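Below: one structure, written as structure tokens.
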Amino acid sequence: MSFAWAKPYQPKTELGRWVDDRMPLPRLVYNAVGGGYPVPRNLNYGWNFGVLSGIFLTIQIVTGIVLAMHYYASADGAFNSIEHIMRDVNAGWMLRYAHANGASFFFIVVYIHIFRGLYYGSYKAPRELVWMLGLVIYLLMMATAFMGYVLPWGQMSYWGAQVITGFFSAFPVVGEPIRVWLLGGYAPDQAALTRFFSLHYLLPFVIAGVVILHIWSLHIPGSNNPTGVDVKTEKDTLPFHPFYTAKDGWFAGAFLTLYAAVLFFAPNALGHPDNYIPANPLATPAHIVPEWYFWPFYAILRAFTVDFILPAKLWGVVAMFASILLLFFLPWLDRSPVRSGAYRPVFKRFFWLLMVDIAILGFCGVMPAEQPYVAISQIAAAYYFAHFLIILPLVSKFERPLPLPNSISESVLHGEKEESAPYGLDKSAPAAAQ
Amino acid sequence: MVRIIAFFVGLGFAGVLLISLVVNLVAYVQSPTEPTAEHEFHREPKELHLASDGPLGKFDRQQLQRGYQVYKEVCAACHSMNLVSFRDLAALGYNEAEVKAEAASREVPGINPDTGEVTTRKALPTDRFPSPYANETAARAANNNALPPDLSLMTKAREGGAAYVYSLLTGYQNQPAKLLKEFPAAKTPQGLHYNPYFANLNIAMAPPLSDGQVTYADGTQATRDQMAKDVSAFLVWTAEPKLENRHRYGMAVLIFLIIATILGYFSYRNIWAEAKRQVAPKGPLDPENKAKRNHAKGEAGIVG
Amino acid sequence: MATLEETNAALVEADHSLRRRDFINIAAVSFAGVGAVAVALPLVNQMSPSADVLALASTEVDISKIAPGQAIKTSWRKQPVFVRNLTPKEIQDAKAVSLGELRDPQSLADRTKPGKENWLITLGVCTHLGCVPLGVGDGENRGDYGGYFCPCHGSHYDTAARIRKGPAPTNLVVPEYNFTSDTVVTIG
């Protein structure tokens, strides 16, 4: 789109020309994911997870639509309708397990997609909007996943709804009325279940809409790449089709194999046994935990245990929301002109520290709220905020990046395996001496 | 500006967390958490190997039939199983007549077609297994206020699954003297039974199985251990009746996907061979490039 | 000479490798296509009747209380079923009709069990567009031919529930059934 050498769409048939003159949809597709979209030639496998996210969104929407043909959103019947799907509906067990595990795999690929963006500086100019729209998608996914988890109306569904809507009651004065309004009652019940089902059906289509904006805004500057260096000439790029369709295609096969292995041989490994117990408003499970993709946030929520000026509960809720919202400011917090973490020795170390930190937060999120897990989660949560709000701005100010390659194709010439290694080391001796 | 605000926000969150940390640690040092009897004496489930385990597992139908017998003659006195229908028993290897007879041997609530009065009738294959109690209140009233849970999904609704059920059924014992010595307050209350596999160690259900309690049609010795195994296997089936389909389909899907992935990979390699020829007439293995790279590495002080 | 041969060999090889490359690409894409079709199967099949619906495929009806001239409406697979005890006159009327004048030629004997000619068991679903015809309840309109009358679009059925007048194309459907005993019929 934005590159002069992008091949324009040329209809191959008379019919194609006829359609193109009236409604250039084939042209749009060709320019978006066809031969008309030039992509940096040096993308590594980290870049496969965008297309994979799209695949999992599709899987979720398709399996979700057919599940909705058998599910009924009734506080008395929801649990049994799920079991009806599992036992009596043709291939129902497969569709339900595909949807439940599909949600987990959607989050896995999206997390890898986000971390790839973090490492290679894909959030930096001119791709700030791509990043922010991606965060909007992520927030919508979290809302959709939460409401979807409520639908089976098991114990974890019910108490998850109770706890998460309880976040709002942390806010003074308006909090409790908002919670009651969200639930349509004083506790989760029929009203809440029906509206969650309605919104759970709606939001994926909103996500699909934002995905289109996400891709649109990506196609203006084009994809980032492991060197972070801008595309300069035609030599730096390859048309999306057939090169990246082939690469995405085989990798999707590999990833779907992993998904199928979990779906068919450990379908409940990522779920919680308590959700096979029907919802009981009178008894809370001994140990409430959200789904794994929320564990780090749950740990941040619980890490605030002291009423310091504000009540601890409010601190927890505000911090949990802040932990995501601060990512919207990332393009302006990290001011380093170098995009790729491969050329930023200090940033790179902190990045991997952050990965470890998030893993620790996740671990603390699933453990019971007792020592030493609380203490560990407090240190880890403090690092999380410090990383983005204090360390990154300072690093970007004081770090001395490695010399960048002159262009993408030069770095490729240097050897496929070392595409992310600084090119021009042979020229770097004089550069370092300067 | 953003960075200055961010700096103070970050300092704020990190500061409050560190204050929380210090306050907690002080509290912990002053009064460390007391160990509890649950913490010290609760045990993980014993090992249990069933035919349905593993990616190729299939049900042992003979065992499921024995398990069904144990459920019917022992468990069903108190526990409902309201997600399973008599028609489902066909999957255990019973023929149509046997399923009908099995259903007809149980009574379910019905309505007299002439008077409309509530009555009972013989169950049909399409009926769910009848509940032993009319409702939850009746169940609690008959069991000292402890509700016997529905068993349909039991092996999916407990950590440990079938092994947990098996361990629980065979885990009844006297309270260890050590426990009573260390935690005198944790003595099993009247009406409860000590079982180290149960979350809080004291379970309301009396030991349900004893040797020879049922007489198996296939002549298997009905030891307590055997019955516990059989009924656990049966409960795996009631919780996941489509397990065999799942394993069979899973294998087919995996094999298909692996072949598709391999084909896709070679296709990808073929297509990209073209791209590499275009850009890198002399590839990374070209002696000239290699020499250059080694030289560069040497100068940059990278070893290897 | 040697140069020419070499060039030729190179060309042949290039051509050969090109075809091999095409083959593997076609194989990969076809495999993906087969996969997509295989995925579509459960997505389509999930809409077929589920196991619990199929299990309701037979119904037992007690016919001991139906007097001659009376009919009852019962339900089989969630569809209405008419069970009528025909009077001797109705049987005669039905037999008197010559098959040639019928739209869907069937004799009463074709539509009942031997020796149980008075028991007319049909689906209560008009073959036109699926309304439930009148004629079971006391005092309901039984149409011009004394059988059933569908009020939606005016189809008249005779005493053997055969279509005689109106838009319906065929007779009311006789489901599969058998007499379990003299007083009990199993439908389905």
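Taking (1) exposed (fewer than 14 other Cβ atoms within 10 Å of the Cβ); (2) under 23 Å from the mean Cα position of the chain (by Cα) in turn, residue C:114 satisfies each apart from (2). Inclusion of residue B:80 among residues that are touching a Lys or Arg at 6+ places or on another chain (Cβ under 8 Å), in contact (Cβ under 8 Å) with a residue 12 or more places away in the chain, of a type outside the set (A, V, I, L, M) and within 30 Å of residue B:105 (Cα to Cα) is not warranted. Checking each residue in the range A:79-100 for being over 28 Å from the mean Cα position of the chain (by Cα) and either within 17 Å of residue C:50 (Cα to Cα) or not assigned by TED's automatic domain parsing to the domain that holds residue A:267 (or both) picks out A:80, A:81, A:83, A:84, A:85, A:86, A:87, A:88, A:89, A:90, A:91. Can you find even one residue in the range A:81-88 that is more than 14 Å from chain C (Cβ to nearest Cβ) and assigned to a helix (DSSP H, G or I)? Within the range A:81-88, not a single residue is more than 14 Å from chain C (Cβ to nearest Cβ) and assigned to a helix (DSSP H, G or I). Pairs meeting the criteria (first residue in the range A:34-48 and in contact (Cβ under 8 Å) with a residue 12 or more places away in the chain, second residue surrounded by fewer than 21 Cβ atoms within 10 Å (Cβ to Cβ) and in a loop (DSSP other than H, G, I, E, B), beta carbons under 6 Å, at least 6 apart or on different chains) are A:35/A:7; A:36/A:6; A:36/A:7; A:36/A:9; A:38/A:3; A:38/A:6; A:39/A:223; A:40/A:223. When you scan the range A:9-28, do you find a residue that is in a helix (DSSP H, G or I), in the same structural domain as residue A:229 (by TED's automatic domain parsing) and surrounded by fewer than 16 Cβ atoms within 10 Å (Cβ to Cβ), even just one? Taking every residue of the range A:9-28 in turn, none turns out to be in a helix (DSSP H, G or I), in the same structural domain as residue A:229 (by TED's automatic domain parsing) and surrounded by fewer than 16 Cβ atoms within 10 Å (Cβ to Cβ).
Restricting the first member to the range B:147-174 and to residues that are more than 14 Å from every other protein chain (Cβ to nearest Cβ), and the second to residues that are of a type in the set (Gly, Ala, Ser), the beta-carbon pairs closer than 8 Å and six or more apart or on different chains are B:166/B:228; B:166/B:232; B:167/B:160; B:169/B:228; B:169/B:232; B:170/B:228.
For the condition crowded, with 19+ Cβ neighbours inside 10 Å and among the hydroxyl-bearing types (Ser, Thr, Tyr), residue B:167 qualifies.
Among the residues making up the range A:42-86, those that are of a type in the set (S, T, N, Q) and within 19 Å of residue A:192 (Cα to Cα) are A:74, A:80, A:81. For the condition touching a Gly at 6+ places or on another chain (Cβ under 7 Å) and either outside the structural domain of residue B:227 (by TED's automatic domain parsing) or of a type in the set (A, V, I, L, M, F, W, C) (or both), residue B:119 qualifies.
Among the candidates A:341, A:271, the residue that is surrounded by 20 or more Cβ atoms within 10 Å (Cβ to Cβ) and in the same structural domain as residue A:168 (by TED's automatic domain parsing) is uniquely A:271. Of the strands (runs of 3 or more DSSP E) lying entirely inside the range C:12-121, those containing at least 1 residues that are modelled with pLDDT of 90 or more span C:71-76, C:79-85.
If you go through the range B:14-52 and keep only what is acidic (Asp, Glu), surrounded by 12 or more Cβ atoms within 10 Å (Cβ to Cβ) and at pLDDT 90 or above, you end up with just B:44. Taking the numbered list (1) within 12 Å of chain B (Cβ to nearest Cβ); (2) surrounded by fewer than 22 Cβ atoms within 10 Å (Cβ to Cβ); (3) not acidic (Asp, Glu) in turn, residue A:299 passes all entries but (2).
Annotation: residue B:58 fulfils all but one of (1) in a helix (DSSP H, G or I); (2) away from chain A (no Cβ under 11 Å); (3) in contact (Cβ under 8 Å) with a residue 24 or more places away in the chain; the unmet one is (1).
For the range A:105-115, filtering for residues that are crowded, with 20+ Cβ neighbours inside 10 Å and either under 13 Å from residue A:271 (Cβ atoms) or over 8 Å from the mean Cα position of the chain (by Cα) (or both) leaves 1.
Per-residue answers, yes or no, for (1) under 24 Å from residue A:129 (Cβ atoms); (2) within 14 Å of chain B (Cβ to nearest Cβ); (3) buried (at least 17 other Cβ atoms within 10 Å of the Cβ):
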{"residue": "A:197", "(1), (2), (3)": "no, no, yes"}
{"residue": "A:203", "(1), (2), (3)": "yes, no, yes"}
{"residue": "A:217", "(1), (2), (3)": "yes, no, yes"}
{"residue": "A:256", "(1), (2), (3)": "no, yes, yes"}
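Of the candidates A:68, A:75, A:103, the single residue that is under 21 Å from residue C:52 (Cα atoms) and touching a residue at least 24 places away in the same chain (Cβ under 8 Å) is A:68. When A:360, A:379 are checked against the criterion of being within 14 Å of chain B (Cβ to nearest Cβ) and either of a type in the set (D, E, K, R) or touching a residue at least 12 places away in the same chain (Cβ under 8 Å) (or both), A:360 stands alone in meeting it.
Of the residues A:260, A:279, A:299, the single one that is free of Cβ contacts under 8 Å to residues at least 12 places away in the same chain and among the aliphatic types (A, V, I, L, M) is A:260.
Just one of (1) aliphatic (A, V, I, L, M); (2) within 25 Å of residue B:124 (Cβ to Cβ); (3) without any contact (Cβ under 8 Å) to a residue 60 or more places away in the chain fails for residue C:41. It is (2).
So that you can scan it fast, the table gives a plain yes or no per residue for (1) in a helix (DSSP H, G or I); (2) acidic (Asp, Glu); (3) more than 24 Å from residue B:239 (Cα to Cα):
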{"position": "B:83", "(1), (2), (3)": "no, no, no"}
{"position": "B:87", "(1), (2), (3)": "yes, no, no"}
{"position": "B:109", "(1), (2), (3)": "no, no, yes"}
{"position": "B:134", "(1), (2), (3)": "no, no, no"}
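Of all residues in the range C:122-132, which are in a loop (DSSP other than H, G, I, E, B) and in contact (Cβ under 8 Å) with a residue 40 or more places away in the chain? Reasoning before the result, please.
Here is the first cut: in the range C:122-132, the ones in a loop (DSSP other than H, G, I, E, B) are C:124-132.
The answer is C:124, C:125, C:126, C:127, C:128, C:132.
Within the range B:65-90, work out how many residues are aliphatic (A, V, I, L, M) and closer than 23 Å to residue B:171 by Cβ. Show your work before the answer.
Of the range B:65-90, the ones aliphatic (A, V, I, L, M) are B:70, B:74, B:76-77, B:81, B:83-84, B:89-90.
Imposing the further condition that a residue be closer than 23 Å to residue B:171 by Cβ reduces the set to B:70, B:74, B:76-77, B:81.
So the count comes out to 5.
Restricting to the range A:354-383, what's the tally of residues that are more than 30 Å from residue A:231 (Cα to Cα), part of a helix (DSSP H, G or I) and either of a type in the set (S, T, N, Q) or within 24 Å of the chain's Cα centre (by Cα) (or both)? Adding up the residues that qualify gives 17. Residue-level check: of (1) assigned by TED's automatic domain parsing to the domain that holds residue C:162; (2) over 30 Å from residue B:124 (Cβ atoms); (3) not hydroxyl-bearing (Ser, Thr, Tyr), residue C:121 misses just (2).
The values are calculated or read from the model by the stated rules, or taken from the named source; none is laboratory data. These numbers come from a predicted model, not from an experiment. Neighbour counts are summed over all protein chains in view; Cβ atoms, including those assigned to glycine, are modelled from backbone coordinates with ideal geometry.
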